[in-house]
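Let me begin by presenting the structure, written as structure tokens, before commenting on it.
Laboratory data are not the source of any read-out in this text; all were calculated from the coordinates shown. Predicted model, so just to flag it, every value in this text is computed and none were measured. A quick note on method: Cβ atoms are made from the backbone with ideal geometry, for glycine too, and the neighbour counts reach across all protein chains shown.
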Amino acid sequence: MIVVNLDVMMARRKMSLNELSEKVGITLANLSVLKNNRAKAVRFSTLDALCKALDCQPSDILEYLPENQE
């Protein structure tokens, strides 16, 4: 499972969703979908813009967590 840690990076950079939306050029609705782990895909251009705006690496935003196997 891939987890999006966008809210963590935004908190570290003290950046609001509105401010990030303006810097990246993505609607609040689309950023909210991404931030709340409801996105099914992320474009590389979006990931690139997020990394530039938040001054981070893709691994700071995306995290892989293995699913529990029973």
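Scanning region 35-49 for residues that are touching a helix residue (DSSP H, G or I) at 6+ places or on another chain (Cβ under 6 Å) and part of a helix (DSSP H, G or I) gives 35, 47, 49.
Taken together, 39, 11, 29 contain a single residue that is in contact (Cβ under 8 Å) with a residue 24 or more places away in the chain and of a type outside the set (Val, Ile, Thr), which is 39. Note on region 50-70: residues that are polar (S, T, N, Q) and touching a helix residue (DSSP H, G or I) at 6+ places or on another chain (Cβ under 7 Å) total 1. Residues of region 29-70 that are out of contact with any Gly (no Cβ under 9 Å at 6 or more places or on another chain), more than 13 Å from residue 2 (Cα to Cα) and surrounded by 13 or more Cβ atoms within 10 Å (Cβ to Cβ): 30, 31, 32, 33, 46, 47, 50, 51, 53, 54, 56.
Residues in region 13-28 that are of a type in the set (Lys, Arg) and surrounded by 12 or more Cβ atoms within 10 Å (Cβ to Cβ) were compared, and the one that is nearest to residue 3 (Cα to Cα) is 13.
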